[in-house]
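Accompanying notes for the structure given below.
The values are calculated or read from the model by the stated rules, or taken from the named source; none is laboratory data. From a predicted model like this one, the values you see are computed outputs, not experimental measurements. Because the Cβ atoms are built from the backbone with ideal geometry, glycine has one as well, and the counts that use them run over all protein chains shown.
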Amino acid sequence: MFTPARLRLARLRKGLSLTGLSKESGISLRSLTSYENGHQPPSDENVRKLAEVLAVAPAFFERDPVDPVPIEAASFRKLSKTSARRRDAVLATAALTVEFYAAIEERFRLPEPSIPTYDKLGPAEAAETLRQLWSLGDRPIGNLVHLLESKGVRIASLNHDYIDIDAFCFYRDDVPYIFLNTSKTAERQRFDLAHELGHLVLHSDVDMEAATSKEREVQAHAFAASFLMPASAVLSQSMRAASIERILVARSYWKVSAKAMTHRLHQLGLLSDWQHRSAYITLNERGYNRAEPGGIVPETSQLLRKVMYGGGTSVSVRDAAEAIALFPNEVRDYVKHLVPLRA
C-alpha cells in the first residue's frame with residue numbers, strides 16, 4: 001500500500017518542489033501530483049525511482065502516515081529570514097526524527113517528560129523557579145544535555161547544512177523535542193539548549209507566529225541567561241567592572257561564552273555601557289567573535305549512548321534505519337556529535 005503523505009514528506013525533506021522531483025526522477029509532474037493527492041498509486045518501477053531520488057527505502061512509502069510538524073508549533077529563530085523551502089525541509093526531517101525516537105521506545109522506556117509550564121511568569125522568575133524545582137541551587141549546571149534528557153526532553157542534531165538555523169523545539173504528543181545545531185561551539189550549544197528550554201517553559205501553549213517571534217525570542221534569551229547564570233550567584237562574585245581576564249574565568253566557571261558572560265554582567269549592572277562595549281571590542285580582537293578559545297568540550301547524549309551502544313537490546317544505527325525505512329547515514333545525522341558515529 002502506497003502512503004501519499006510519505007511521498008510529500010520525503011520530497012520536502014530533500015527541499016524539492018514537485019517540478020524539481022519530476023526533473024530528478026523522470027516522472028511526469030502530472031503523475032507526481034496524482035500520487036501525492038492519493039488519486040492513484042505509482043507503479044513499482046516509479047516507487048523505485050522515487051526511493052532512489054529521495055534517498056529512502058521503497059518500504060518507506062508503505063509505512064503509516066507521519067503527522068507533519070506544523071510551522072506554528074516550532075520555535076524557529078529568525079523565522080522571517082528562513083526560506084520556506086529550508087524551513088519545510090527541517091520540519092520534515094524533524095517528523096522523521098520523531099519516528100527514530102519511536103523506534104527506540106519500542107525497546108526502551110525513556111524518561112517521562114517533566115517540563116513545567118510557567119507562562120504566567122517573566123523569564124527571569126521562570127528560570128529561578130525551575131532551578132528551585134529541579135534542585136539546581138545557584139551553581140553552574142554540569143551537563144545540560146544530560147539534565148534535559150533526564151527530564152524527558154528528546155534531543156537530536158540538526159542537519160549541519162542548515163547553519164542559519166541554530167536550534168528549535170516543539171511538543172509532539174506531550175513529548176518535548178529540541179533540535180540542536182551541533183556544529184556550533186560547546187558554549188553556544190548550551191545557550192541554545194537553555195534558550196529552547198525557555199520556549200518549552202514559557203511558550204508551550206502559544207502558536208509560534210512570525211508576528212510575535214521577536215518578543216518570544218527576547219523572552220527565551222532572557223530565560224537562558226538567567227537559567228545558566230543565576231543573578232544571585234553572579235552578583236555575589238565581586239564582578240563589578242570586571243577585567244577581561246576576570247570575565248574569562250567566570251565564563252569557564254559558568255560554562256558559557258565570553259560574550260554571553262559579558263552581556264550578563266552588563267544586564268545585571270556590573271558593567272557600564274562603555275565597559276560592555278570595550279569588553280566586546282577586546283574579545284573580538286582576541287578571536288572570540290566566531291570561536292571560543294580555550295572553551296569547554298561539547299556535551300554529548302547519555303541517553304542515546306546507552307540505547308544505541310549499550311549492548312544487549314541496544315538499537316544500532318542500522319537497526320533504527322531499517323525500522324523506519326531510511327538509510328543509516330540519515331540516522332547518523334540525527335545523532336551527529338551527540339554520540340560516536342559508528343554502525
**Prompt:** Going by the conditions given, is I296 of a type in the set (A, V, I, L, M), surrounded by fewer than 19 Cβ atoms within 10 Å (Cβ to Cβ) and either touching a Pro at 6+ places or on another chain (Cβ under 6 Å) or without any contact (Cβ under 8 Å) to a residue 24 or more places away in the chain (or both)?
**Reply:** no
**Message:** Taking the conditions exactly as written (charged (D, E, K, R), farther than 29 Å from A233 by Cα, surrounded by 16 or more Cβ atoms within 10 Å (Cβ to Cβ) and in contact with a Phe, Trp or Tyr (Cβ under 6 Å, 6 or more places away or on another chain)), does R172 satisfy them or not?
**Reply:** no
**Asked** Somewhere in the stretch 27-36, is a residue surrounded by 15 or more Cβ atoms within 10 Å (Cβ to Cβ), hydrophobic (A, V, I, L, M, F, W, C) and under 23 Å from A95 (Cβ atoms)?
**Response** yes
**Fill in**
Taking first residues from the stretch 24-42 that are among the hydrophobic types (A, V, I, L, M, F, W, C) and second residues anywhere that are in a loop (DSSP other than H, G, I, E, B) and surrounded by 12 or more Cβ atoms within 10 Å (Cβ to Cβ), the pairs with Cβ under 8 Å that are 6 or more apart or on different chains are I27/P42
**Request:** Test D64 against the criterion of being modelled with pLDDT under 95 and touching a Leu at 6+ places or on another chain (Cβ under 7 Å), and give yes or no.
**Result:** no
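With the stretch 1-60 as the region, which helices (runs of 4 or more DSSP H) entirely inside it contain at least 3 residues that are of a type in the set (S, T, N, Q) and either at pLDDT below 95 or more than 28 Å from the chain's Cα centre (by Cα) (or both)?
Helices (runs of 4 or more DSSP H) meeting the threshold: 18-25, 29-36.
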**Request:** Residue by residue through the stretch 151-171, note down the ones that are out of contact with any strand residue (DSSP E or B) (no Cβ under 9 Å at 6 or more places or on another chain) and touching a residue at least 40 places away in the same chain (Cβ under 8 Å).
**Result:** Y162, D164
**Close pairs from the stretch 127-138: first under 13 Å from G198 (Cβ atoms), partner buried (at least 16 other Cβ atoms within 10 Å of the Cβ) and charged (D, E, K, R), Cβ under 8 Å, at least 6 apart** = none
**Message:** Quick check on F191: is it outside the structural domain of Q237 (by TED's automatic domain parsing), under 20 Å from R87 (Cα atoms), in contact with a helix residue (DSSP H, G or I) (Cβ under 8 Å, 6 or more places away or on another chain) and not aliphatic (A, V, I, L, M)?
**Reply:** no
**Asked** Does A55 satisfy the criteria of being touching a strand residue (DSSP E or B) at 6+ places or on another chain (Cβ under 9 Å), at positive phi and not basic (K, R)?
**Response** yes
**Prompt:** From R290, R318, R277, which residue is modelled with pLDDT of 95 or more and not aliphatic (A, V, I, L, M)?
**Reply:** R277
**Request:** Consider Y334 carefully, then state whether it is of a type in the set (S, T, Y), buried (at least 19 other Cβ atoms within 10 Å of the Cβ), in contact with a helix residue (DSSP H, G or I) (Cβ under 6 Å, 6 or more places away or on another chain) and not assigned by TED's automatic domain parsing to the domain that holds K184.
**Result:** no
**Fill in**
Apart from one, (1) touching a residue at least 24 places away in the same chain (Cβ under 8 Å); (2) touching a helix residue (DSSP H, G or I) at 6+ places or on another chain (Cβ under 7 Å) all hold for A51; the odd one out is (1)
**Request:** Take A225 and decide whether it is closer than 25 Å to A291 by Cβ, within 20 Å of the chain's Cα centre (by Cα) and touching a residue at least 12 places away in the same chain (Cβ under 8 Å).
**Result:** yes
**Residue among V90, V56 that is assigned by TED's automatic domain parsing to the domain that holds V331 and surrounded by 13 or more Cβ atoms within 10 Å (Cβ to Cβ)** = V90
**Prompt:** Counting only residues that are polar (S, T, N, Q) and over 23 Å from V249 (Cβ atoms), how many does the stretch 184-235 have?
**Reply:** 4
**Asked** Only one of (1) of a type in the set (A, V, I, L, M, F, W, C); (2) touching a residue at least 40 places away in the same chain (Cβ under 8 Å); (3) within 30 Å of F61 (Cβ to Cβ) is not met by V317, so which one is it?
**Response** (2)
